[in-house]
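Notes for the one structure printed next.
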Amino acid sequence: MRRKPDASSPSSPRSSSASPKARIALVLQGGGALGAYQAGVYQAMHEHDLTPDWVVGTSIGAINAAIIAGNRREDRIPRLRAFWESVSHPDALDLHAVPDATRQLMTWATTMDTFARGVPGFFTPRPFNPFAVGLPVPPEEASFYNTEELRTTLNKYVDFDYLNDKTEGIRLTVSAVKVTCGSLVAFDSSLHMLSAEHVMASGALPPGFAPVRVDGDLYWDGGLYSNTPLEAVLSDEPRQDTLCMMVDLWHADGPEPRTYEEVQTRQKDVTFASRSQRHIDAYLKQHQLRKMARELYERMPAELRKPSDRKQLAELGADTTIHIVRLPYAGRDWNMASKDVNFSRGSIEWRWEQGYQDALRGIQVSQGCPFNVSDAGVVVHELPPVVEIATG
């Protein structure tokens, strides 16, 4: 089920009125530099007491998620800001004070510099790289860039002792693909002791970044399999009422491409855009089957009911509802194929602010999410359009 809220509702958000029993989940896609938008989303949630109980991330979403889950409440926003400031590229000009054409040119130049020199604290080019000319190298070096500096950065901004403390904090799940079999693996802090290697593995997108070895196996970026890790929330057991804020960084829809740059842009958007609808459809089918099984059991004569049957039905869980508030990144970035490599400080700041403003509208939407017994199972809420009000 998909709902669009009334765009005329008040624009001033309040603290969420979601049921106190409802779990709050934050789902973060992969998207490189576009991930600054996710940081803005979390800031708005943080300021409105909508702290997630569970953060699920892939690639850059895994990094943001680790910083959120791996710090005490008072340190989360400062650590997020420090991370994004450390990986952003200073602009030669104030991008707010120049025409759009100049801003586009400066952004392109910054992006080319990132390709050439990497991002300090994140990734750097491999000098004299045999891999680049087709020669065999150790699997952990099979890439154009070295991400070893990211390990130091993660250990600087993430308190893994706090993250792995099961008695407090936020649950973290990051996804990665096992290189040798192509299966998607979820590393979950409720089940595993997580480290920087798990987060790095989730963001090891080939051929730019090399696979990361975890417990003897090599892993690549989870986005290769599914860039929107909503499936982790939908498949979690036992089921419970959940308010899920889902951030989409890529555009499934777009114009017909005419140039090489436009083809590359459309290819990336199609590759990494959300496939959440198929997961939602599968969840709804299971939801209806579970409900039908419970109803059929209740209709059975008492003498036919077995304790083992009741136990199995109890394990299926009661009727629950997942409300998904979808937060789409609206920036088109001049349709640049390299928008996810644009670490320009001005662009990072703009994305953060857009995420913050969109999340304010998303929080308002979340206030109208009732958690009563229903047949819905999953309800997807779209943000209302931004209403421009003339002044002066």
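Observations on the model:
- Qualifying residue in region 94-104 (condition: out of contact with any Lys or Arg (no Cβ under 6 Å at 6 or more places or on another chain), open to solvent by 40 Å² or more (accessible area, probe 1.4 Å) and either part of a loop (DSSP other than H, G, I, E, B) or at pLDDT 95 or above (or both)): yes
- From the options Leu80, Leu50, residue that is out of contact with any Lys or Arg (no Cβ under 7 Å at 6 or more places or on another chain) and not in a helix (DSSP H, G or I): Leu50
- Residues in region 105-123 that are without any contact (Cβ under 8 Å) to a residue 60 or more places away in the chain and surrounded by fewer than 16 Cβ atoms within 10 Å (Cβ to Cβ): Leu105, Ala109, Met112, Asp113, Ala116, Arg117, Pro120.
- Flag for Phe187 being in contact (Cβ under 8 Å) with a residue 12 or more places away in the chain, over 20 Å from Ala69 (Cα atoms) and buried (at least 18 other Cβ atoms within 10 Å of the Cβ): no
- For Glu231: the one exception among (1) open to solvent by 60 Å² or more (accessible area, probe 1.4 Å); (2) part of a loop (DSSP other than H, G, I, E, B): (2)
- Any hit, region 158-166, residues being touching a residue at least 12 places away in the same chain (Cβ under 8 Å), of a type in the set (D, E, K, R) and surrounded by fewer than 15 Cβ atoms within 10 Å (Cβ to Cβ): yes
- Conditions (1) open to solvent by 10 Å² or more (accessible area, probe 1.4 Å); (2) among the hydroxyl-bearing types (Ser, Thr, Tyr); (3) more than 15 Å from Asn342 (Cβ to Cβ); number of the one not met by Ser88: (3)
- All positions within region 53-77 that are under 12 Å from Leu26 (Cα atoms), part of a helix (DSSP H, G or I) and open to solvent by 30 Å² or more (accessible area, probe 1.4 Å): none
The values are calculated or read from the model by the stated rules, or taken from the named source; none is laboratory data. This is a predicted model, so every value here is computed, not measured. Here Cβ is always computed from backbone atoms with ideal geometry, including for glycine, and neighbour counts include all displayed protein chains. Calculation scope for accessible area: heavy atoms of the full protein, side chains included, ligands and nucleic acids excluded. Shrake-Rupley method; radii C 1.70, N 1.55, O 1.52, S 1.80 Å.
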